[in-house]
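Asks: Just passing along the structure, written as structure tokens.
The values are calculated or read from the model by the stated rules, or taken from the named source; none is laboratory data. Note that the structure is predicted; figures quoted are calculated from it, not measured. Cβ: placed from backbone, ideal geometry, glycine included. Neighbour counts: every protein chain shown. The protein model used for the area step is the full one, side chains on, heavy atoms only, and it has no ligands, DNA or RNA in it. Shrake-Rupley method; radii C 1.70, N 1.55, O 1.52, S 1.80 Å.
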Amino acid sequence: MSERLEPNVGQPGNDDVLTDDNFHTPETEEWWEHETIWFWWFNAERRLGAWHYHYLRPNVGVAGGGLFVFDDTSWFHMEAPYYFNYSNTPMPEDPDFRDVTFPSGERFQMLDPLQHYRITFADRDSIDLEIDWRAVGKPWVRVGGQPHTKQGDQSDKPRHFDQFGHVTGTLELHGETVPIDCYAMRDRSWWHLRPEFWKRGGGTSTYITCMADPDTAFFGAGPGGFLLLDGVRRPLLSGSVRRERDDGWGFMRRIVVTGTDSDGREFEAVGDSVSRMAFPISGVAGVCWQSLVRYEFNGVVAYGDDQDAWPLSTWAAFRRTVNGLADGRAGRFGPID
């Protein structure tokens, strides 16, 4: 999962400046040095989605995160089909992303750098998983200086990327066999700080993904994202997002995304949330309403996700205000969507 998108610099995608996808030595001695791994996948017919999300804080020797599986039976993480989200577990010894097992038992294998990954996990009481992720496009790389500190190298260099892949495999969940065959995003972040006080504002996230096939996709809703049409990927120069929210609970029911890329090509995607879950974001005081979304994208039916991310305090202030309750934090958020 990503911070709010920022524009790329240099050639579109910046993939020519990415040299590796292994773990990275911290640049500074700051407590909050942070590195993350995120893979997501789904079964649209089953209305089931899943996250693998892990963080490492090498300067303090801790890791956290886990596996979140949701469907349309509940949006509450305490009632999800499967959920664990650890905090402050030991760092894997000599972590190496070519083959790493986290204290939770999830194993990640890099079979071909930036191209092919395998994830396996088993809990004898309820779940057994083996999936393969294979790239269907080059990474979309963000470059920048070290944020939030004057320590370390402040030059622009890769610190985050997003990449679509084809995910295949099998999930055994409470005795049910769920085949996995979908196009879904993964991302990686490193060499940055992520303090406990996470973001400001809320309800304006543009971390939105959709892929119909390897030649047809979009990512984001304006600068920082891209449009892929007819196999040609170009950065988005402008865009908008509007979320229509559930009256009772505030989560997204419908989303409308538009954008124009550097070649002047336009898109519109109208999506319906077929399932969702409110994830406590690992390692920070935030919540993300993650939705599995069925889109009509330039007239094509496709699936993807929407990450509607909030600081916990801002979400509370937003919802209390909507419900007519006084809350002195209301000024922390502006227009929502």
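Asks: Give me the percent of accessible area attributable to carbon and sulfur for the stretch 39-140, probe 1.4 angstrom.
Replies: That share works out to 43 percent.
Asks: Residues with amide H under 5 Å of Ser205's amide H, sequence separation 5 or more or different chain, H placed in the peptide plane at 1.01 Å from N; which?
Replies: Excluding prolines and chain starts, which carry no amide H, the hits are Ala309.
Asks: Once you've got the GNM for the chain with C-alpha springs shorter than 10 Å, pick whichever of Thr204, Thr258, Thr149 has the biggest mean-square fluctuation.
Replies: Of Thr204, Thr258, Thr149, the most mobile in the Gaussian network model is Thr149.
Asks: With a Cα-only, solvent-free Debye model of the stretch 120-238, what are the log10 I(q)/I(0) values at q = 0.10, 0.21 Å⁻¹?
Replies: -0.45, -1.15
Asks: Give me the base-10 log of I(q)/I(0) for the stretch 221-337 at each q in 0.16, 0.19 Å⁻¹, Debye formula, one uniform scatterer per Cα, rounded to two decimals.
Replies: -0.84, -1.06
Asks: Diagonalise the Cα gyration tensor of the stretch 1-153 and give the resulting equivalent ellipsoid semi-axes, square root of 5 times each eigenvalue, largest first, whole Å. Could you put the intermediate results ahead of the total?
Replies: Working: eigenvalues 152, 80, 54 Å².
With the √(5λ) rule applied to the stretch 1-153, the semi-axes are 28, 20, 16 Å.
Asks: Search the structure for amide H atoms under 5 Å from the amide H of Phe279, placed 1.01 Å from N in the peptide plane, and list their residues when 5 or more places away or on another chain.
Replies: So Phe279 has HN proximity to Cys288, Trp289, Gln290.
Asks: Going highest first, how would you order 228-236, 89-97 by mean Cβ packing within 10 Å?
Replies: My ranking of the peptides, most packed first, is 228-236, 89-97.
Asks: Among [x] 56, 44, 44; [y] 75, 48, 48; [z] 49, 49, 48, which one is Cα extents along the principal axes in Å computed from these coordinates?
Replies: Correct label is [z].
Asks: Ok, one more. Given a 1.4 Å probe, how much area per residue of the chain is accessible, in Å²? Display every interim value, and only then the final one.
Replies: Working: 14020 Å² over 337 residues.
Computed with neighbouring chains in place, this is 42 Å² per residue.
Asks: Based on the alpha-carbon gyration tensor of the stretch 60-131 and its eigenvalue square roots a ≥ b ≥ c, which shape applies: rounded if a/c is under 1.5, prolate if not and a/b is larger than b/c, or oblate?
Replies: Since a/c reaches 1.5 but b/c is at least a/b, the shape of the stretch 60-131 is classed as oblate.
Asks: Which of Phe102, Phe76, Phe267 ends up with the largest GNM mean-square fluctuation for the chain, with Cα atoms connected below 10 Å?
Replies: Largest GNM mean-square fluctuation: Phe76.
Asks: Follow-up. Ranking request for peptides 210-218, 155-163: highest mean number of other beta-carbon atoms within 10 Å first, then the rest in descending order. Display every interim value, and only then the final one.
Replies: Details: 210-218: 20.4, 155-163: 18.9.
Put in order of decreasing packing, that is 210-218, 155-163.
Asks: Can you tell which of Val141, Val167, Val60 shows the greatest fluctuation in a Gaussian network model of the chain with Cα springs below 10 Å?
Replies: Val60
Asks: Going highest first, how would you order 307-313, 82-88 by mean Cβ packing within 10 Å?
Replies: 307-313, 82-88
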